[in-house]
Amino acid sequence: MAQTGSETPAEVSVGALEAQRLSKLEAIKSRGIDPYPVRFAGKQNIADIRRESFGENNDLTPAEDAAHVATAGRVVAIRDMGKAQFLQIQDQSGRVQVYAGNKTLGEDDYFVLRNLDLGDIIGIKGRPFRTKTGEASIHADELKILSKNLAPLPVVKEKDGETYDGISDIELRYRQRYIDLAVNAEARATFTLRSAILREIRDFLHRKGFMEVETPMMQAIASGAAARPFTTHHNALDIDLYMRIAPELYLKRLIVGGYEKVFEMNRNFRNEGISTKHNPEFTMIEIYQAYADYNTMMEITQDIFEHLSVTLLGSTEMPYGQHTISLKKPWKKIGYLESIKEATGLDFEKFLGEENPSVTEAKKMAASAGLKAEGLHTFWEVVDLAFSEKVEPNLIQPTIVMHYPKAISPLAKSIPGNEHLVERFEPYITGREMGNAFSELNDPLEQERRFNEQASQKASGAEETMETDDDFVTALKVGMPPTGGLGIGIDRLVMLFANKSSIKDVILFPLLRPNK
RNA sequence: GAGAAGCUAGCUCAGUCGGUAGAGCAACUCCCUUUUAAGGAGUGGGUCCCGGGUUCGAUUCCCGGGCUUCUCACCA
């Protein structure tokens with residue numbers, strides 16, 4: 001590392017606690033012990049030791065001459081009894097108590113014990129045994145410092161499942177997730193679950209013969225969705241690029257190329273507001289299957305949710321906030337306009353035949369239902385307002401909302417014999433949109449017309465429309481088989497399974513404004 | 001972008017009707033070799049988010065700023 005010009009006055013800003021630990025660090029060093037050794041050999045998982053030495057149900061007592069074990073982890077509790085101490089150490093698999101004193105430790109190891117702090121990472125070897133009070137423990141005859149803790153961690157004490165102190169500062173949990181993870185078992189469980197969800201989804205699709213692919217995240221045209229993109233710049237080519245808002249148009253190019261079952265699960269980027277449901281970068285899965293349609297995608301959607309709940313939670317019923325969600329299929333299905341009519345009495349269906357349905361008329365209707373639509377520019381924005389205000393929040397149990405107006409679905413195929421509605425659906429759970437799917441439009445000339453319509457909607461004031469991608473139209477001219485496509489927001493899915501109300505609780509490092 | 005709330009010891013929080021502040025845990029010293037929210041005795045620890053203003057005096061009141069959270073707006 002290069003030195004930065006001025007000498008950083010590290011000592012000046014070091015707090016008292018850190019200074020104390022630095023002096024312990026010095027003491028360890030000056031005794032010739034490396035506080036950051038290169039390795040610790042033979043570490044066993046704490047959970048494995050517990051299972052092997054103390055039994056599946058913690059009902060075995062190791063023999064006096066039981067084989068010694070070795071493990072390592074962070075010191076999360078110290079109970080000092082004088083010349084011996086009880087420690088609790090934690091690794092990824094769990095916690096175990098360690099009993100260590102001068103009778104069994106060598107002089108150097110005992111010195112380390114005397115200079116131990118909460119948060120230090122140690123490696124131990126010793127004999128598994130049970131204490132008088134029955135606690136599964138390891139009687140250490142070796143204790144090595146593996147990493148000295150200089151920035152003290154919050155202390156979490158627990159009894160009978162109740163937690164004392166700990167850390168609850170939300171900002172600190174997001175900014176310094178490593179502390180959150182080190183200290184809060186709940187946080188570790190959430191992200192372990194997230195990882196398991198990703199694995200199970202991939203596994204599920206691979207078993208069904210899907211192929212995972214990667215398409216560009218930097219794109220010259222940000223299309224496939226209606227959203228504001230981030231811009232970036234490539235120096236050598238001297239061109240501006242967009243971070244993708246969706247992989248959709250590239251995945252369909254692969255169907256054109258002849259792959260029949262593909263999916264991509266990765267990040268999208270949208271330059272929009274941040275909320276409990278929105279993070280600027282978020283994870284989405286998009287799935288495409290040739291010779292299939294939106295009905296196929298409905299099955300896949302329900303199967304994925306059911307598979308995840310059965311595999312990971314052992315049940316199709318799950319708690320979410322005040323609710324109990326049942327993911328068992330078949331889910332309820334309802335038409336988009338029908339759902340609005342049901343909830344508000346407003347019938348927008350009769351406008352479907354009109355070339356240019358009147359915004360003014362729509363606003364009048366919206367106002368009669370108590371909706372504030374003043375700022376909106378197009379007819380369909382008003383309709384969507386009615387849906388998101390009056391219908392969406394009440395879709396707690398899994399619901400498939402289907403048959404959207406063509407005007408707001410530029411990539412979806414029309415229902416045969418219906419000029420105005422498309423074969424599209426969105427699954428809703430807990431009042432949140434979880435995905436979006438349709439029978440993919442594969443008529444290149446029709447696609448071109450739809451792109452043009454989007455452009456003219458933009459000209460007439462719509463905030464968000466889809467960009468035209470001419471090469472994608474060319475791809476469709478080469479010929480794409482009838483295809484079903486599906487997108488699912490992974491972060492929101494994880495929120496459901498982890499019972500979290502903020503998207504930041506399921507993203508390891510959510511975007512925050514930099515401090516200072 | 002707007003409104004509301006919050007920001008005090010390493011952590012969780014109290015408090016000061018304006019007189020530079022406290023608890024528990026953590027830390028430090030000492031006692032204790034089967035404890036477990038270990039226990040006992042003692043000690044230290046603060047830019048009260050930042051900057052101005054009013055005032056003899058501001059952590060407290062006023063103004064401005066920062067960051068976070070919630071709601072709204074934006075947004076599939």
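If you filter the stretch A:1-34 down to residues that are of a type in the set (D, E) and modelled with pLDDT of 90 or more, you find that the one that is most open to solvent (accessible area, probe 1.4 Å) is A:E26. Among the candidates A:V112, A:V96, the residue that is within 39 Å of the chain's Cα centre (by Cα), within 29 Å of A:D180 (Cα to Cα) and at pLDDT 95 or above is uniquely A:V96. Being touching a helix residue (DSSP H, G or I) at 6+ places or on another chain (Cβ under 8 Å), outside any helix (DSSP H, G or I) and either on the phi > 0 side of the Ramachandran plot or within 15 Å of RNA strand B (Cβ to nearest atom) (or both): is that true of A:E264 here? Judged against the criteria, A:E264 is not a match. Within the stretch A:455-512, restricting attention to residues that are of a type in the set (G, A, S) and more than 12 Å from RNA strand B (Cβ to nearest atom), the residue that is nearest to A:L313 (Cα to Cα) is A:A498.
How many residues are more than 20 Å from A:I122 (Cβ to Cβ), hydrophobic (A, V, I, L, M, F, W, C) and within 16 Å of RNA strand B (Cβ to nearest atom) when one looks only at the stretch A:61-101? Outline the logic, then answer.
Here is the first cut: in the stretch A:61-101, the ones more than 20 Å from A:I122 (Cβ to Cβ) are A:61-67.
Next, from what is left, pick out any that are hydrophobic (A, V, I, L, M, F, W, C): A:63, A:66-67.
Next cut, within 16 Å of RNA strand B (Cβ to nearest atom) only: A:63, A:66.
Residues flagged as more than 20 Å from A:I122 (Cβ to Cβ), hydrophobic (A, V, I, L, M, F, W, C) and within 16 Å of RNA strand B (Cβ to nearest atom) within the stretch A:61-101 amount to 2.
Annotation note: Cβ proximity below 6 Å between a residue of the stretch A:447-461 that is at pLDDT 85 or above and a residue that is surrounded by fewer than 20 Cβ atoms within 10 Å (Cβ to Cβ) and assigned to a helix (DSSP H, G or I) (sequence gap 6+ or interchain) occurs for A:Q447/A:V473; A:E448/A:V473. For the stretch A:465-487, the criterion of being acidic (D, E) and not in a helix (DSSP H, G or I) is met by at least one residue. Of everything in the stretch A:131-155 that is assigned to a strand (DSSP E or B) and open to solvent by less than 40 Å² (accessible area, probe 1.4 Å), the residue that is nearest to RNA strand B (Cβ to nearest atom) is A:S137. Within the stretch A:44-68, track down each residue that is charged (D, E, K, R), open to solvent by 90 Å² or more (accessible area, probe 1.4 Å) and under 37 Å from the mean Cα position of the chain (by Cα). Residues satisfying the conditions are A:R51, A:E52, A:E56. Among the residues of the stretch A:228-249, those identified as of a type in the set (A, V, I, L, M, F, W, C) and either more than 16 Å from A:E464 (Cβ to Cβ) or away from RNA strand B (no atom under 16 Å from the Cβ) (or both) are A:A236, A:L237, A:I239, A:L241, A:M243, A:L249. Is it the case that A:L87 is under 30 Å from A:E18 (Cα atoms), assigned to a strand (DSSP E or B), touching a strand residue (DSSP E or B) at 6+ places or on another chain (Cβ under 7 Å) and aliphatic (A, V, I, L, M)? Here the answer is yes, as A:L87 does meet what is asked. Considering the conditions (1) within 19 Å of A:F129 (Cα to Cα); (2) open to solvent by 20 Å² or more (accessible area, probe 1.4 Å), A:T71 is excluded by exactly one of them, (2).
Please report, ordered by residue number, the helices (runs of 4 or more DSSP H) entirely within the stretch A:291-394 with at least 1 residues that are surrounded by fewer than 18 Cβ atoms within 10 Å (Cβ to Cβ).
Numbers: elements: A:294-308, A:336-344, A:359-368, A:379-386.
Correct list: A:294-308, A:336-344, A:359-368.
For the stretch A:425-439, the criterion of a residue being open to solvent by less than 50 Å² (accessible area, probe 1.4 Å), more than 16 Å from A:E248 (Cβ to Cβ), among the polar types (S, T, N, Q) and at pLDDT 90 or above is satisfied by at least one position.
The values are calculated or read from the model by the stated rules, or taken from the named source; none is laboratory data. As the structure is a computational prediction, the values presented were derived from the model and not from experiment. Please note: Cβ atoms are built from the backbone with ideal geometry, for glycine as well, and neighbour counts cover all protein chains shown. We work out accessible area using only protein heavy atoms, side chains counted, and drop any ligands, DNA or RNA first. Shrake-Rupley method; radii C 1.70, N 1.55, O 1.52, S 1.80 Å.
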